[in-house]
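Reading through the structure tokens given below for one structure.
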Amino acid sequence: MKIAALQMVSTPDVARNLADAAALVAQAAAEGVRLMALPEYFCLMGQRDDDKLTIAEDDGHGPIQDALAAMARRHGVWLVGGTLPIRAAQAGRVRNACCVWNPDGERVARYDKIHLFSFDNGRERYDEARVLEPGDTPVTFEADGLRVGLAICYDLRFPELFRAMMQPACDLLIVPAAFTWTTGRDHWELLLRARAVENQCFVLASAQGGEHENGRRTWGHSMVIDPWGQVMAMQAEGPGVVLADLDMARLHSVREQLPALQHRRL
């Protein structure tokens, strides 16, 4: 299967972001991609955290979800819709949700980000818990015979989440993200390659990458990594389609030669 990470530099304008996403999906589909993923917050990089509340949708309904379903159906692809805000039970809160549509445009999975990012180095300050309600359940789905696990951005620092998705083992892990430039520079590739190596599976990471109109800078470096931890394809910054072919023989070979997943004791 040919897969792709779709990298964006999203803006505070939802309509413009949806148009940019549709163009990337069409480009990837034209290149034969069967499964693709948009980045975290592909639909909005707002001026303030609570801008997410103004565009939040009900579960399963809304213009952003409808647009993603239409993209998947139009091109006949598996589309991992980055993340979008879905209203939470708690007033004034949303879930940061990663939804997946099949080639018929049917939603087949929804994962709500479990680990909420907080960072303060005196110059940059983030606290997702101000407006986000955390999820609590790992999510996997089946796509054309592949077992696929979902995680979002800051989740990458918590290997126990990925282990929870490995019984039975996933073939592919997908990580939409909007890593900051500061943390991404030192930790992004390191953590992604570690998750690929320890779980002996492919990792597809679709990121925000560049200078945003709200003044934020994201790290980018969307990439696909093989089960041995080797980077197969990568784009540093700017919008683009990062392509790779999944070779299942490669995955089986790694697991046969070094059967680490069978050696787990805890």
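Rule-based calculations on the coordinates, nothing more; no lab input. Because the structure is a prediction, the values reported are computed rather than measured. With ideal geometry, Cβ positions are generated from the backbone for all residues, glycine too; neighbour counts draw on all protein chains shown.
Please identify, among PRO227, PRO168, PRO138, the residue showing maximal mean-square fluctuation in a Gaussian network model of the chain using a 10 angstrom Cα cutoff.
Looking only at PRO227, PRO168, PRO138, the largest GNM fluctuation is found for PRO168.
What does the charge count near MET8 come to, summing +1 for each Lys or Arg and -1 for each Asp or Glu among other residues with Cβ under 15 Å from its Cβ? Working shown, then result.
Details: positive: ARG16, ARG216, ARG217; negative: ASP13, ASP20, GLU40, GLU211, GLU213, GLU237.
Result for the local shell: -3.
Would you mind telling me which residue in GLN208, GLN90, GLN200 has the biggest mean-square fluctuation in a Gaussian network model of the chain, where springs connect alpha carbons within a distance under 10 angstrom?
GLN90
Between 0 and 90 degrees, rounded to the nearest ten: what's the tilt of helix 14-30 against the longest Cα principal axis of the chain?
30
Can you sort LEU246, LEU266, LEU6 so the residue with the fewest Cβ neighbours within 10 Å comes first? Write down the numbers at each step before the final one.
Numbers: LEU246 22, LEU266 3, LEU6 29.
The most exposed by this proxy come first: LEU266, LEU246, LEU6.
What whole-number distance in Å separates the alpha-carbon centres of region 25-81 and region 155-195?
Each part reduced to its Cα centre gives a spacing of 21 Å.
Which order results if HIS252, HIS212, HIS61 are arranged by neighbouring Cβ count within 10 Å, fewest first?
Final ranking by Cβ density, sparse to dense: HIS61, HIS252, HIS212.
Once you have a ≥ b ≥ c as the square roots of the Cα gyration tensor eigenvalues for region 158-204, tell me rounded if a/c is under 1.5, and otherwise prolate or oblate according to whether a/b is larger than b/c. List each step's numbers first, then the result.
Working: a/c = 2.23, a/b = 2.19, b/c = 1.02.
Judged from the Cα gyration tensor, region 158-204 comes out prolate (a/c at least 1.5, a/b above b/c).
Which of the chymotrypsin sites (Phe, Trp or Tyr not before Pro) found in region 19-96 are loop residues per DSSP with 14 or fewer other Cβ atoms within 10 Å of their Cβ? Present the calculation step by step, with values, prior to reporting the outcome.
On the way: sites: TYR41, PHE42, TRP78; in loops: TYR41, PHE42.
Here no chymotrypsin sites (Phe, Trp or Tyr not before Pro) fit, given the DSSP loop and packing criteria.
Given the -39500 (n - 2.57) contribution per DSSP H run of 4+ residues, what per-residue ellipticity at 222 nm results for the chain, rounded to the nearest 500 deg cm²/dmol? List each step's numbers first, then the result.
Numbers: 6 runs with 70 residues, N = 266.
Helices in the chain give a 222 nm mean residue ellipticity of -8000 deg cm²/dmol.
Counting other C-beta atoms within 10 Å, which of VAL197, VAL242 has the fewest, and how do the rest follow? Intermediate results must be reported in sequence, preceding the final value.
On the way: VAL197 19, VAL242 24.
Listing VAL197, VAL242 from fewest to most nearby Cβ atoms yields VAL197, VAL242.
Under a point-charge model restricted to the Cβ atoms of Lys and Arg (+1) and Asp and Glu (-1), what is the dipole moment magnitude of the chain relative to its Cα centre, in debye to the nearest 20? Show your work: numbers first, answer last.
Details: 28 positive and 35 negative charges, 80 e Å.
With Lys and Arg at +1 and Asp and Glu at -1, about 380 debye.
Please give the length that would be gained between THR11 and ALA129 if that part of the chain were fully extended, namely 0.36 nm times their separation in residues minus their C-alpha to C-alpha distance (nm, one decimal).
Details: separation 118, 0.36 × 118 = 42.48 nm, distance 2.17 nm.
Working it through step by step, the gained length comes to 40.3 nm.
Just to confirm a number: summing +1 for Lys and Arg and -1 for Asp and Glu over residues other than TRP188 whose beta-carbon lies under 12 angstrom from that of TRP188, what do you get? List each step's numbers first, then the result.
Working: positive: ARG157, ARG185, ARG193, ARG195; negative: ASP186, GLU189.
In short, +2.
How many nm separate the modelled label positions at ALA169 and GLU256, each set 7 Å beyond the Cα in the direction of the Cβ?
My value for the distance between the label points is 1.2 nm.
What does the charge add up to near ALA29, with Lys and Arg as +1, Asp and Glu as -1, over the other residues with Cβ less than 11 Å from its Cβ? Kindly include the intermediate steps, with their values, before the conclusion.
Details: positive: LYS2, ARG34, ARG74; negative: GLU31.
Surrounding charge for ALA29 is +2.
Give a residue-ordered list of calculated ³J(HN,Hα) values for region 171-185 (Karplus: 6.51 cos²θ - 1.76 cosθ + 1.60, θ = phi - 60°; whole Hz; x for Gly, Pro).
Calculated HN-Hα couplings, in order: 8, 9, 10, 10, 10, x, 8, 9, 4, 5, 4, 5, 7, x, 4 Hz.
Based on the Cβ-Cβ distance from GLU106 to THR137, what FRET efficiency comes out when R0 is 25 Å, to the nearest 0.05? Please report the intermediate quantities before stating the final value.
Working: r = 20 Å, r/R0 = 0.81.
Result of the calculation: an efficiency of 0.75.
Would you pull out the residues with amide H under 5 Å of MET45's amide H, same chain only if 5 or more places away, H placed 1.01 Å from N?
Amide H to amide H, under 5 Å and 5 or more residues apart or across chains, MET45 pairs with THR11, ASP13.
Note down the relative contact order for region 2-263 as a percent, whole number, built from C-alpha pairs under 8 angstrom at least six residues apart. Can you show the working numbers first?
On the way: 631 pairs, mean separation 52.8, N = 262.
Worked out over region 2-263, it gives 20 percent.
With a 10 Å cut-off between alpha carbons and a GNM built on the chain, which of PHE117, PHE202, PHE162 moves the most?
Sorting by GNM fluctuation, first place goes to PHE117.
Assuming R0 = 41 Å, what is the FRET efficiency of TRP228 and PHE119, from their Cβ-Cβ distance, to the nearest 0.05?
Details: r = 31 Å, r/R0 = 0.76.
E(calc), rounded to 0.05, equals 0.85.
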